[in-house]
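Colleague: Mind having a look at this structure? Questions to follow.
The values are calculated or read from the model by the stated rules, or taken from the named source; none is laboratory data. In this text, all values refer to a predicted model and were calculated from it rather than measured experimentally. FYI the Cβ positions are ideal-geometry reconstructions off the backbone, even for glycines, and counts take in every protein chain you see.
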Amino acid sequence: MGLIDRGEDRETRTPTEAMSSADVILDAAEKLMSDNGYAATSISAICRESGLPVGSVYHHFGSKAGILAAVMERGTVRFYASLAGMVRENASPEQRLEQYYTHAPELLVENTPYFKILHASLAGTDSDLLNRVHASNEHVAVRLAETIEPVARRAGVRDSAGLAIRLARFSVTYAGGAMLSAGYETNRLYGEMAPLYGMVLMAIEAAAAADRAAV
């Protein structure tokens, strides 16, 4: 955001330019935090990597914690936008669910820097950082539950929303473990992730059968 730091009127920058500067900063921060970890990534390093002055970083995000929050939010939005784009518009709920789980490994690898930051942050002791990571994971789970719930409801599960969020949280945890086990390699990750879709379907079928038996 060089115009601001040279003392020029902030109003001379267009929203597009401001957004572009923010994205440049987030790209730099995501790369550095993925490679070196959150604690080892300084504001000055982000400035060097992005080519933008420190005033621009603080103007957009306020602090390093603010940058991390924005990196996580953008990563979640980007991941689900890409995933939704791979699902056919006229797909049934069951087809949508299958396509979500089928395409997830590919997109997990494409977004490796974002997920590396999440996984590394979970190993830390900073309570604020951990809260941000858990909030990001919960947001992912809530979005995934929106795809699982219609399938559970159509299968006859009475508490379809409750089951959906539990299965979504399980899927998020499973995917994180699969990525670590696979070392973020695409082919290995496909193998690690392959059982997950079947496990979700089996859980839905088991819950529906239990509800039918209880009637």
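Colleague: Arg88 fails exactly one of the following numbered conditions: (1) out of contact with any Asp or Glu (no Cβ under 8 Å at 6 or more places or on another chain); (2) in contact (Cβ under 8 Å) with a residue 12 or more places away in the chain. What is the number of that condition?
Modeller: Failing condition for Arg88: (2).
Colleague: Let me ask something additional. Mind counting the residues in the range 63-88 that are modelled with pLDDT under 80 and part of a loop (DSSP other than H, G, I, E, B)?
Modeller: Number satisfying all stated conditions: 3.
Colleague: Also, I was wondering about something else. Could you count how many residues in the range 89-119 are farther than 22 Å from Met199 by Cα and more than 14 Å from the chain's Cα centre (by Cα)?
Modeller: Qualifying residue count, the range 89-119: 2.
Colleague: Starting from the range 46-75, keep only residues that are more than 23 Å from Arg143 (Cβ to Cβ), then list their pairs with residues that are crowded, with 18+ Cβ neighbours inside 10 Å and among the polar types (S, T, N, Q) whose Cβ atoms are within a distance under 7 Å, requiring at least 6 positions of separation or different chains.
Modeller: That search, which allows pairs on different chains as well, returns Leu52/Ser21; Ser56/Ser21; His60/Ser21.
Colleague: Quick one: is Ala168 closer than 28 Å to Arg188 by Cα and at pLDDT 85 or above? Don't jump to the end; show me each part of the working.
Modeller: Numbers: closer than 28 Å to Arg188 by Cα: yes; at pLDDT 85 or above: yes.
In short, yes.
Colleague: Would a scan of the range 126-134 turn up a residue that is crowded, with 17+ Cβ neighbours inside 10 Å and under 15 Å from the mean Cα position of the chain (by Cα)?
Modeller: Within the range 126-134, one or more residues are crowded, with 17+ Cβ neighbours inside 10 Å and under 15 Å from the mean Cα position of the chain (by Cα).
Colleague: Would you confirm whether or not the range 181-196 contains a residue that is buried (at least 17 other Cβ atoms within 10 Å of the Cβ), in the same structural domain as Leu97 (by TED's automatic domain parsing) and modelled with pLDDT of 95 or more?
Modeller: yes
Colleague: Turning to a different aspect of this structure: Name every residue in the range 168-206 that is within 14 Å of Ala104 (Cα to Cα) and not in a helix (DSSP H, G or I), in order of residue number.
Modeller: Tyr184, Glu185
Colleague: Also, I was wondering about something else. Of the numbered conditions (1) modelled with pLDDT of 85 or more; (2) part of a helix (DSSP H, G or I), Ala91 satisfies every one except a single condition; which is it?
Modeller: (2)
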